[in-house]
Amino acid sequence: AVVGAGLGGSAAAYFLQQHFGPQVQLDVYEAAGVGGRLATVTVNKQQYESRGASIHALSLHMQDFVKILGLKHRREVAGKSAIFSGEHFVLEETDWYLLNLFRLWWHYGISFLRLQMWVEEVMEKFMRIYKYQAHGYAFSSLEELLRSLGGEAFVNMTQRSVAESLLEVGVTQRFVDDVIAAVLRSSYGQSVLVPAFAGAMSLAGAQGSTWAVEGGNKLVCSGLLKLTKANVISARVTGISLHSSEGRALYQVHYESTEGQGSAFYDMVVVTTPLHPSRTNFTFDNFDPPIADFPGAFQPSVTSVVHGYLNSSYFGFPDPKLFPFTSILTTDTPDLFFHAMDNICPVNISAAFRRKQPQEAAVWRVLSQQPLDKHQLKTLFRSYYSVQVTEWQTYPRYDAAKALPPIVLHENLFYLSGVEWVASSMEMVAVAAKNVALLAYNRWHQDLEKIDQKDLMHKVKTEL
């Protein structure tokens, strides 16, 4: 059984079938809709991503899924970004790459180069995971996975802030306050106190080229479930109880659906929904020792998709025709009531599509911690036709995490969502899904040589 049909659940189902073979019977439980947080909203008969919008160019599993499913990359529509302090723009992007570099250099000296080197070093080590997974290696804890990629330094990066790590490599406080804070507010809705590893992943996404799926990123989830022919059960899982049969663990999954309550037995269960008291009332019965509560909380975050006319004078442009930006990030200023806003394109972009002019009514996505009130909407928009609000508990509250959640809850009971406490992105979830499938397979077949191996770089080289 796989609990949850977001990206984690659909990728786990796909990888489990890949390793165990087509004869494996897969039940996927989902209470809401397939796709989880990869959701869309409809404005004027067009669909727009409400969250989980961009995928980094180096996301190899996501790239693979798109290829296997015959999906396409969405056409990119160029636009410029700027960082707003509540009073003025502290940094503005231009059409000229060299001028952008010059501006960064002029404002922040060598800081942005130091940042780039730091992010690249982390990403280069992180990319080793694909080689390990291609050779069938798996890890039974997030700490072991991190250690195999970057040693103790990677584990420590989940315990110290991104600000601390960057100041240490010579990035200035001003660069951290202006640029790093703005990127982390737009991606995680949190400050520069997020752990260094989560910060590095978010900054890699901000620097590198990104892409999205034509028709919406959620098509990856429905596509993978269709491909695996998984049996999707519309029900909310309320708990799991342990039984045994001929010395082997059996798991009874209890669920509630529109038809009432039910349960079913499985040899193996992968839970891909967050197991935190603030998010779920999931129970584990008959486990000895009992499965403990998961510490930590989730960050509330609000997406408002607004169809309206931008109030460009709030940003210092009395003439809306002259407003040049399609994406606005914000610094960590007490009076600022939103984290970021961008002029978004529909999930289906035709060849004839053009972005609306700044004086025209456009669809904007505004990210904030609280729902926007009338006054705040009037501050950002001269007038608007519609506002669609989605409230999420999207990301872990990173400052609350002391230890990383486990992957193995019991013999053949696995937990996938804990990876979000390392960093939260579509690719991190896909990497965790592949790891859980390999771990489940290697444990089932007692292939302990393939689990938590030390010095994997050397092993993989000699295997090659």
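Going by the conditions given, is K378 open to solvent by 60 Å² or more (accessible area, probe 1.4 Å), farther than 25 Å from S424 by Cα and at pLDDT below 95?
No; evaluated as a whole, the condition is false for this residue.
Return the pairs, sorted by first residue and then second, in which the second residue is open to solvent by 40 Å² or more (accessible area, probe 1.4 Å) and in a loop (DSSP other than H, G, I, E, B), the first residue lies in the stretch 69-82 and is closer than 22 Å to K356 by Cβ and of a type in the set (S, T, Y), the beta carbons are less than 8 Å apart, and the residues are 6+ apart or on different chains.
Filtered contacts from the stretch 69-82: S81/E93.
State yes or no: is I233 more than 18 Å from the chain's Cα centre (by Cα) and not in a loop (DSSP other than H, G, I, E, B)?
When the stated conditions are applied, I233 passes them.
Just to be sure I understand, how many residues within the stretch 354-375 are more than 16 Å from K321 (Cβ to Cβ) and open to solvent by 30 Å² or more (accessible area, probe 1.4 Å)?
6
So which of A32, A39, A78 ends up being at pLDDT below 90, in contact with a Ser or Thr (Cβ under 8 Å, 6 or more places away or on another chain) and either open to solvent by 70 Å² or more (accessible area, probe 1.4 Å) or of a type in the set (A, V, I, L, M) (or both)?
A39
Looking at A430, is it of a type in the set (A, V, I, L, M), open to solvent by less than 60 Å² (accessible area, probe 1.4 Å), farther than 16 Å from S148 by Cβ and at pLDDT below 95?
Taking the combined requirement at face value, the residue does not satisfy it.
So, in the stretch 269-315, exactly how many residues are buried (at least 16 other Cβ atoms within 10 Å of the Cβ), assigned to a strand (DSSP E or B), in contact with a Ser or Thr (Cβ under 8 Å, 6 or more places away or on another chain) and among the β-branched types (V, I, T)?
Within the stretch 269-315, residues that are buried (at least 16 other Cβ atoms within 10 Å of the Cβ), assigned to a strand (DSSP E or B), in contact with a Ser or Thr (Cβ under 8 Å, 6 or more places away or on another chain) and among the β-branched types (V, I, T) number 5.
List, please: which pairs have Cβ atoms under 7 Å, are six or more places apart or on different chains, and start with a residue in the stretch 279-298 that is closer than 20 Å to P396 by Cα and end with one that is open to solvent by 90 Å² or more (accessible area, probe 1.4 Å)?
P295/K402
For E49, indicate whether it is surrounded by 15 or more Cβ atoms within 10 Å (Cβ to Cβ), at pLDDT below 95 and more than 26 Å from L322 (Cβ to Cβ).
yes
Among the residues of the stretch 224-237, write down those that are of a type outside the set (D, E, K, R) and either open to solvent by 30 Å² or more (accessible area, probe 1.4 Å) or out of contact with any Phe, Trp or Tyr (no Cβ under 7 Å at 6 or more places or on another chain) (or both).
L225, L227, A230, N231, V232, I233, S234 - these are the residues of the stretch 224-237 that are of a type outside the set (D, E, K, R) and either open to solvent by 30 Å² or more (accessible area, probe 1.4 Å) or out of contact with any Phe, Trp or Tyr (no Cβ under 7 Å at 6 or more places or on another chain) (or both).
Which of the residues that make up the stretch 138-192 are open to solvent by 30 Å² or more (accessible area, probe 1.4 Å), of a type in the set (A, V, I, L, M) and without any contact (Cβ under 8 Å) to a residue 40 or more places away in the chain?
Of everything in the stretch 138-192, those that are open to solvent by 30 Å² or more (accessible area, probe 1.4 Å), of a type in the set (A, V, I, L, M) and without any contact (Cβ under 8 Å) to a residue 40 or more places away in the chain turn out to be A153, L167.
One residue is enough: does the stretch 212-219 have a residue meeting the conditions touching a His at 6+ places or on another chain (Cβ under 7 Å), small (G, A, S) and buried (at least 19 other Cβ atoms within 10 Å of the Cβ)?
no
Given (1) open to solvent by less than 70 Å² (accessible area, probe 1.4 Å); (2) β-branched (V, I, T); (3) at pLDDT 95 or above, identify the lone condition not met by V389.
All conditions pass for V389, except number (1).
The values are calculated or read from the model by the stated rules, or taken from the named source; none is laboratory data. From a predicted model like this one, the values you see are computed outputs, not experimental measurements. Positions of Cβ are backbone-derived with ideal geometry, glycine not excepted, and every protein chain shown enters the neighbour counts. Quick note on the areas: whole protein, heavy atoms, side chains included, nothing else; ligands and nucleic acids left out. Shrake-Rupley method; radii C 1.70, N 1.55, O 1.52, S 1.80 Å.
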